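Since every read-out is calculated from the coordinates, none of them should be taken as a lab result. Just so it is clear, the model here is predicted, and its values are computed rather than measured. A quick note on method: Cβ atoms are made from the backbone with ideal geometry, for glycine too, and the neighbour counts reach across all protein chains shown.
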Amino acid sequence: MVNERPITLVNERSLDIITGYHAHIYYDEATRARAARVREALDRNFKIELGRWRDEPVGPHPRPMYQVAFAEGEFERIVPWLSLNRDGLVVFIHPMTGDDYADHADFAIWLGEMFTLNLDALRKSP
C-alpha cells in the first residue's frame, strides 16, 4: 500500500542549491603512485577539473590529497566509478552549496575509511 500523502521534512533543502561536487582523493607516500593512476583514469574518462597535488594537509583536509571538481550532472557517473576504482584509496566527496562548513560536515560521502576533518578551518568568523 502506497502512502498518498507527501512527506515533508523539517528544513528540507532543494537540490537546486548544489552547483557541483568535489571529490578529494587522499594518499600518502606509499600510495601516491596509485593516486596518480586513479587521477589519470579520471582525467581520461570524465569531464572534470583536476586540482593540484597537495603533499601536505591543507584547509580541513588532514592528509595529502588532490581535488577533483565536477558538475552536478556528472555525479551519477563519477561516484559509482570511484567506488569501484579507487584502488583502496580514501575518497571524500561533498556537494558545493555555498556553505563550505555544511558541505564538509553534514552533506559529505566517504568511500573507505573516514578521517577527522579540521572543520574549524571552515567556520566563518563573526
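The table for this structure:
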item: Subset tally (residues that are at positive phi and in contact with a Ser or Thr (Cβ under 9 Å, 6 or more places away or on another chain)) for region 77-126; result: 3
item: Single residue of region 22-54 satisfying the filter (closer than 15 Å to residue 88 by Cα and among the basic types (Lys, Arg)) that is surrounded by the most Cβ atoms within 10 Å (Cβ to Cβ); result: 39
item: Members of region 86-118 that are surrounded by 14 or more Cβ atoms within 10 Å (Cβ to Cβ) and in a strand (DSSP E or B); result: 91, 92, 93, 94, 95, 109, 111
item: Of all residues making up region 76-85, the number that are touching a residue at least 40 places away in the same chain (Cβ under 8 Å) and surrounded by fewer than 16 Cβ atoms within 10 Å (Cβ to Cβ); result: 1
item: Candidates 55, 87, filtered to the one that is within 16 Å of residue 31 (Cβ to Cβ) and in contact with a Pro (Cβ under 8 Å, 6 or more places away or on another chain); result: 55
item: Residue ID - nearest to residue 82 (Cα to Cα), chosen from residues in region 34-58 that are part of a loop (DSSP other than H, G, I, E, B) and within 14 Å of the chain's Cα centre (by Cα); result: 48
